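Asks: I have a structure I would like to understand better, so I am pasting it below and will then ask my questions one at a time.
The values are calculated or read from the model by the stated rules, or taken from the named source; none is laboratory data. Not measured: the values here are computed from a predicted model. In this analysis, Cβ positions are derived from the backbone assuming ideal geometry, glycine residues included, and neighbour counts consider all displayed protein chains. Ligands, DNA and RNA are excluded from the accessible area calculation, which covers all protein heavy atoms including side chains. Shrake-Rupley method; radii C 1.70, N 1.55, O 1.52, S 1.80 Å.
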Amino acid sequence: MESDTQRIALGLRQRDVAVLETLVEQYQYRLVRYLVSLLGRRDGVDDFVQETWLRVLERGESYDGHSRFEPWLFRVARNIALDAMRKRPMFSLDSNEEEGVRSSPASGGPSPYTLAARTEDAERLAHSLQTLEPVYREALVLRFQEDLSLQEISVIVGAPVSTVASRIYRGLATLRPQFEGEIA
Amino acid sequence: MNIDHHEGFQRMIDESLAAAISAEKEQSLREHLATCAPCLEYLSASNRVIAGLSGFSFEVNPTLNARVLVALKLQAQQVRAAQPGRQRLMRQHNVQFKVWAAFAVALSMSIVGSALIYQVAKLLTVPMHFGTAQVQAGVLVFWLLPSFCSALRLLAAPGENRGIA
């Protein structure tokens, strides 16, 4: 029996717009959330989202359907965002060849995390998340929001599993003091 | 309990949350957490961080999906329109490769065949009173040259006449 991922792979190979339409519906929010975590800002994300889907249409045949679709999609989005950062440094992001993405302070106005916080704990995390190094924020979002395995994250970010794990530990260590000394 | 001992277990808590822990370590951690308040607090704070991460809800521009779909449909049409030209180009490349491959095979057969014919003709030199030079000239004129010309014709003939799709 054909699995969902194989159906997606077939649809992408055939450049089936109906399949893409379903994928857009299904993954759009997660793609936006991932790109916000990567860029640390909300403006400009919609352009990257559109660019990502166009790249999916263009290079869809490289998705083999043997693994989950999300890691492949996020990797495409990440490559597009990193390329844009290298070409447009005024996008207020600094890139570093070794580290991938580095600090991304938002320029004025409330941060996307402050605007998106819907719970008390989220409000407490918003500022720390905004100032957190993007590579740590990205690792936390991929592990705990997207529920991806360390291996899948490793493929997306192009770093060894041990580096991904270490980014998660350091990200948690930075955010944990917000809740220390309290009984939940 | 000393600080190093807690640090070891707190490291294990991080590993457990990141799903990078073995079953044995997980069991040992569970036993430790049943009796250690500081490590339990560490776990609780970590869990609140993780829960806090789920407390964000980003606004998605309501027109974004429609905008993306319009761009995708346009791009798909452009790709499809460009497809026949691309396919024709690929077909031509494919045909060229097949012609060169056929030429290489024909040339190899011509050379190998000539060598075999020459050996057979040499055996006939004694009973038929031919000299070696005459045999060589015969093989060259009546075998090697015609077969080589046939191989060359493969390259010169138009694709449709080569019988290669």
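Asks: List the number of the failed condition for A:Ser166; all other conditions in (1) over 21 Å from A:Leu82 (Cα atoms); (2) open to solvent by less than 30 Å² (accessible area, probe 1.4 Å) hold.
Replies: Only one criterion in (1) over 21 Å from A:Leu82 (Cα atoms); (2) open to solvent by less than 30 Å² (accessible area, probe 1.4 Å) is unmet by A:Ser166, namely (2).
A quick yes/no check of all residues on (1) hydroxyl-bearing (Ser, Thr, Tyr); (2) part of a helix (DSSP H, G or I); (3) open to solvent by 70 Å² or more (accessible area, probe 1.4 Å); (4) modelled with pLDDT under 95:
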{"site": "A:Tyr27", "(1), (2), (3), (4)": "yes, yes, no, no"}
{"site": "A:Asp46", "(1), (2), (3), (4)": "no, yes, no, no"}
{"site": "A:Gln50", "(1), (2), (3), (4)": "no, yes, no, no"}
{"site": "A:Glu61", "(1), (2), (3), (4)": "no, yes, yes, yes"}
{"site": "A:Asp64", "(1), (2), (3), (4)": "no, no, yes, yes"}
{"site": "A:Glu70", "(1), (2), (3), (4)": "no, yes, no, no"}
{"site": "A:Leu73", "(1), (2), (3), (4)": "no, yes, no, no"}
{"site": "A:Met90", "(1), (2), (3), (4)": "no, yes, yes, yes"}
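Asks: Sticking with this one: Taking only pairs six or more apart or across chains, which ones have beta-carbon atoms under 7 Å, a first residue in the stretch B:16-28 that is farther than 17 Å from A:Ile168 by Cα, and a second residue that is of a type outside the set (A, V, I, L, M, F, W, C)?
Replies: Between residues of the stretch B:16-28 that are farther than 17 Å from A:Ile168 by Cα and residues that are of a type outside the set (A, V, I, L, M, F, W, C), the close pairs are B:Glu26/B:Ser16.
Asks: Within the stretch A:29-44, restricting attention to residues that are in contact (Cβ under 8 Å) with a residue 40 or more places away in the chain and surrounded by fewer than 20 Cβ atoms within 10 Å (Cβ to Cβ), which residue is nearest to the other protein chains (Cβ to nearest Cβ)? Give the derivation first.
Replies: Of the residues in the stretch A:29-44, the ones in contact (Cβ under 8 Å) with a residue 40 or more places away in the chain are A:30-31, A:33-42, A:44.
Narrowing further to those that are surrounded by fewer than 20 Cβ atoms within 10 Å (Cβ to Cβ): A:30, A:44.
Working: A:Arg30: 10, A:Gly44: 12 Å.
Filtering first and then ranking leaves A:Arg30.
Asks: Also: Name the pairs: first residue in the stretch A:121-144 and in a helix (DSSP H, G or I), second residue aromatic (Phe, Trp, Tyr), Cβ to Cβ under 6 Å, at least 6 apart or on different chains?
Replies: A:Ala122/B:Phe56; A:Ala126/A:Tyr113; A:Leu129/A:Tyr113; A:Gln130/A:Tyr113
Asks: Then there is this: Look at A:Thr22 and say whether it is among the polar types (S, T, N, Q), over 17 Å from A:Leu115 (Cα atoms) and buried (at least 20 other Cβ atoms within 10 Å of the Cβ).
Replies: Values: among the polar types (S, T, N, Q): yes; over 17 Å from A:Leu115 (Cα atoms): yes; buried (at least 20 other Cβ atoms within 10 Å of the Cβ): no.
The answer is no for A:Thr22.
Asks: Within the group B:Ala71, B:Ala76, B:Ala121, B:Ala66, which residue is open to solvent by less than 70 Å² (accessible area, probe 1.4 Å) and at pLDDT below 80? Break it down into steps so the answer makes sense when it comes.
Replies: Numbers: B:Ala71 fails: at pLDDT below 80; B:Ala76 fails: at pLDDT below 80; B:Ala66 fails: at pLDDT below 80.
B:Ala121 is the lone residue from the list that is open to solvent by less than 70 Å² (accessible area, probe 1.4 Å) and at pLDDT below 80.
Asks: Do the conditions hold for A:Glu152, that is, is it on the phi < 0 side of the Ramachandran plot, open to solvent by 50 Å² or more (accessible area, probe 1.4 Å) and more than 9 Å from chain B (Cβ to nearest Cβ)? Break it down stepwise before answering.
Replies: Numbers: on the phi < 0 side of the Ramachandran plot: yes; open to solvent by 50 Å² or more (accessible area, probe 1.4 Å): no; more than 9 Å from chain B (Cβ to nearest Cβ): yes.
Judged against the criteria, A:Glu152 is not a match.
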